[in-house]
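Participant: Following this message is one structure expressed as structure tokens.
The values are calculated or read from the model by the stated rules, or taken from the named source; none is laboratory data. Small disclaimer: the values here were computed from a predicted structure and weren't measured. Positions of Cβ are generated from backbone atoms using ideal geometry, with glycine treated the same way; all protein chains shown enter the neighbour counts. With ligands, DNA and RNA removed, areas are computed over all heavy atoms of the protein, side chains included. Shrake-Rupley method; radii C 1.70, N 1.55, O 1.52, S 1.80 Å.
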Amino acid sequence: MVTPLLPLKMEAVSVRRGGKTILGPITLQLADEGISILLGPNGSGKTTLLKTMHGVERPNTGTLHWNVAAEDARLRQAFVFQSPTILRRSVLDNISYPLTLRGVKRAEARARAEAFAARVGLSKVLDQHGMVLSGGEKQKLALARALILEPDLLFLDEPCANLDGRATRDIEEILLAVRSEGTRIVISTHDLGQARRLGDDIWFLHAGQIKETTPKDQFFSEPHSETARSYLRGDLLP
Amino acid sequence: MEKIWEGLTQAAMLIVGFDPDLMEITLLSLRVTITATLIASAIGLPLGAWLVVNRFRFRRVVIAIINALMGLPPVVVGLFVYVLLSRSGPFGVLGLLFTPTAMIIAQVIIITPIIVSISHQAIRELWADYHDLLISLNATRRQRIATLIVDGRRALLTASLAGFGRAIGEVGAIMIVGGNIDHATRVLTTAIALETGKGEFGMALALGFILIGLAIIVNLGVHMLSRTERGSRW
Ligand SMILES: Nc1ncnc2c1ncn2[C@@H]1O[C@H](COP(=O)(O)OP(=O)(O)OP(=O)(O)O)[C@@H](O)[C@H]1O
Ligand SMILES: [Mg+2]
């Protein structure tokens, strides 16, 4: 039995960039199941929070404690970035790349990449160069490349921002399936419909602070914070 | 104008006639410069990538020094190599002075900073794009460098070609360390200098046209090779 990766305990974590605090201090515990949705206006710190949890941004204060050694923790997570990074390679080589980094044989890596490409609907473009894909296809590629690691914890930063309705539905289905296979998921989004469809709980972020973490149903009917209430009303937040 | 015409016709005749001296000089030029370019690329390309991926205390200083070395006068490099390789110098026992090897050493010293500098520039842009992904995927330092070199290969090819162009046309350093010895270390540029000195402008111009032609052919050849690669728009 492998030691579970979660919970993750964040204590008084804050991030300073360009002379001002853009996140935190945040104290929270990431429990081991479900889908959490990060909501908040542009610039509220969603991307920064996700990257800090994942470890690609270093906090200036505070600590992160995984349930396993920190070196092992990253190996069991995956991240889909807000603007997907596409390697200057074919689609297939993009998707198989994480496996080759981990020493999986080329043939096996390619076979598994084909399977994951099929899962996100990229089978037709396998041999194309990654850079010529459309915006939506690039996001699908990034998702497949994250899923191929079969992570215990998956971060997605606005994964459906460029997708049409059909593709969004496909990807939400995939995420729900992945969740039921036991992967913990944290997604940021501006799509309230998506938050309703996928979320177990909602984290509402404003000006670098988590204003509340509330179970979905309650968040949409009766959020705790005044800022969340005006955000849901569609007001412009200060 | 007449001189140029004369040079052109003489060049054409020498080439069409496979003039043995000319062939020898040309082939030596190519051998020396291609070897130097390969060695300098093997050093310079990974070093360029390494300088991007590693953050250490004196990184900026090192980069500044390499950029400064780009402007190093070749004659000074030639003198430096000459002193090292001369019989009384530290490497005198090797007996390399006035051999093609000495010319290769001088050219490697001249073009490595160019190759490092250009590849560093190109890799830096790619790294800015790849950074978060490679960190996220836990790529080791070696894997990061390898990925950047493989995916940035077109830009790196340009760096190597710039080095080749500089080396094939270089005369000061290889004149000093090679000595322009007939049938031993005479290459296109030193032959041009010699013919010009003798007042043989036709021959000098002929050699010059061959030099230019070579540079163009090598560049076109590499360009075509890299275009046949799949996904060449990128
Ligand atoms: N390196 C930096 N230097 C200065 N300010 C930064 C830096 N990185 C981020 N910020 C600022 O931090 C704030 C939070 O940025 P972040 O990208 O986390 O917001 P976000 O909630 O993801 O926004 P969006 O919905 O637009 O994606 C922004 O105001 C941004 O300008
Ligand atoms: Mg963001």
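Participant: Tell me the volume per residue, in Å³, of the convex hull enclosing the alpha carbons of segment B:2-225. Could you put the intermediate results ahead of the total?
Facilitator: Details: hull volume 32.4 nm³, N = 224.
About 145 Å³ per residue, rounded to a whole number.
Participant: Moving to a separate point now. At a 1.4 Å probe, what is the % contribution of carbon and sulfur to the accessible area of the protein assembly as shown? Present the calculation step by step, with values, prior to reporting the outcome.
Facilitator: Numbers: 13560 of 23100 Å².
Carbon-and-sulfur percentage of accessible area, whole number: 59.
Participant: Another question, if that's okay. Please state the charge dipole magnitude for segment B:2-225, taken about the Cα centre, from unit charges on C-beta atoms (+1 on K and R, -1 on D and E), reported in debye and rounded to the nearest 20. Walk me through the intermediate numbers first.
Facilitator: Details: 16 positive and 13 negative charges, 253 e Å.
Dipole magnitude for segment B:2-225 comes out near 1220 debye.
Participant: Above 32 angstrom, tally the Cα pairs of the protein assembly as shown and express them as a % of all pairs, no decimals.
Facilitator: Details: 61048 of 111156 pairs.
When all Cα pairs of the protein assembly as shown are counted, 55 percent exceed 32 Å.
Participant: If you don't mind, another one. Per residue, how large is the accessible surface of the protein assembly as shown? Use a 1.4 angstrom probe and give square angstrom. Provide the component values of the computation, followed by the final result.
Facilitator: On the way: 23100 Å² over 472 residues.
Heavy-atom SASA per residue in the protein assembly as shown reads 49 Å².
Participant: Tell me which residues come under 5 Å, amide H to amide H, from A:Ser90 once H is placed; ignore anything under 5 positions away on its chain.
Facilitator: Counting only residues 5 or more places away or on other chains, the set is A:Gly130.
Participant: Is it possible to state the helix-based mean residue ellipticity at 222 nm for chain A, with each DSSP H run of 4+ residues giving -39500 (n - 2.57), the sum divided by total residues, to the nearest 500 deg cm²/dmol? What is it?
Facilitator: The per-residue figure over chain A is -11500 deg cm²/dmol.
Participant: Apply the Karplus curve 6.51 cos²θ - 1.76 cosθ + 1.60, θ = phi - 60°, to the phi angles in segment A:2-12 and return the couplings in whole Hz, x for Gly and Pro.
Facilitator: Karplus-based 3J(HN,Hα) across segment A:2-12 equals 6, 5, x, 6, 9, x, 9, 10, 9, 10, 6 Hz.
Participant: Now a separate question. Taking K and R as +1 and D and E as -1, what net charge do the other residues with C-beta under 10 Å from the C-beta of A:His190 add up to?
Facilitator: Counting the neighbours of A:His190, the net charge comes to -1.
Participant: Okay, moving on. List the DSSP H helices in chain B whose Cα atoms stretch 20 Å or more along the helix axis and whose mean Kyte-Doolittle hydropathy is at least 0.5.
Facilitator: Helix filter hits for chain B: B:2-16, B:20-53, B:100-136, B:153-168, B:201-227.
Participant: Now for a different question. Note down the Stokes-Einstein diffusion coefficient of segment B:121-202 in µm²/s, whole number, using a Kirkwood radius over alpha carbon pairs, 25 °C, and 0.890 mPa s.
Facilitator: In µm²/s, the coefficient rounds to 152.
Participant: Could you tell me the convex hull volume per residue, in Å³, taken over the Cα atoms of segment B:1-56?
Facilitator: 122
Participant: Could you work out the helix-only [θ] at 222 nm for chain B, with each DSSP H run of four or more residues adding -39,500 (n - 2.57) and the total divided by the number of residues, to the nearest 500 deg cm²/dmol? Walk me through the numbers before you get to the answer.
Facilitator: Working: 10 runs with 182 residues, N = 234.
Calculated at 222 nm, the ellipticity per residue is -26500 deg cm²/dmol.
Participant: Work from the charge dipole of the protein assembly as shown (Cβ charges, +1 for Lys and Arg, -1 for Asp and Glu, about the Cα centre) and give the residue of A:Pro159, B:Thr196, A:Gly182 farthest towards its positive end.
Facilitator: Working it through, the farthest residue towards the positive pole turns out to be A:Gly182.
Participant: Given an 8 Å cut-off on Cα distances and at least 6 residues of separation, report the relative contact order of chain B as a percent.
Facilitator: Value for chain B: 31 percent.
Participant: How many Å² of accessible surface get buried when A and B come together, counting both sides, probe radius 1.4 Å, rounded to the nearest 100?
Facilitator: 2000
Participant: Taking +1 at the Cβ of each Lys and Arg and -1 at the Cβ of each Asp and Glu, which of A:Pro223, B:Ala184, B:Met23 sits farthest along the dipole of the protein assembly as shown towards its positive end, judged by Cα position relative to the Cα centre?
Facilitator: Comparing the listed Cα positions along the dipole, A:Pro223 ranks first.
Participant: For segment A:78-88, just list the computed ³J(HN,Hα) in residue order, Karplus coefficients 6.51, -1.76 and 1.60, θ = phi - 60°, integers in Hz, with x standing in for Gly and Pro.
Facilitator: The phi angles translate into 9, 9, 10, 6, 4, 10, x, 7, 10, 6, 6 Hz.
Participant: How high is the relative contact order of chain A, in percent, with contacts defined as C-alpha pairs under 8 Å that are six or more residues apart? Intermediate results must be reported in sequence, preceding the final value.
Facilitator: Numbers: 432 pairs, mean separation 62.3, N = 238.
Reported relative contact order: 26 percent.
Participant: Counting only residues 5 or more places away or on other chains, whose amide H sits under 5 Å from the amide H of A:Arg184 once H atoms are built in the peptide plane?
Facilitator: Close amide H contacts, sequence-distant or interchain: A:Leu153, A:Leu154.
Participant: Taking only the alpha-carbon atoms of chain A, what semi-axes of the equivalent ellipsoid follow from 5 times the gyration tensor eigenvalues under a square root, in whole Å, largest first?
Facilitator: Working from the Cα gyration tensor, I get semi-axes of 30, 21, 17 Å.
Participant: Scan around A:Gln209 for amide H atoms under 5 Å from its own, H built in the peptide plane at 1.01 Å from N, and keep only partners 5 or more places away or cross-chain.
Facilitator: A:Gly24
Participant: Looking only at other chains, what is the average number of their beta-carbon atoms within 10 angstrom of each beta-carbon in B:134-144?
Facilitator: Average neighbour count from other chains, rounded to a whole number: 5.
Participant: Residue by residue, what Karplus-based ³J(HN,Hα) values in Hz, rounded to whole numbers, does segment A:37-42 have, using 6.51, -1.76 and 1.60 with θ = phi - 60° and x for Gly and Pro?
Facilitator: With coefficients 6.51, -1.76 and 1.60, one gets 10, 9, 10, x, x, 3 Hz.
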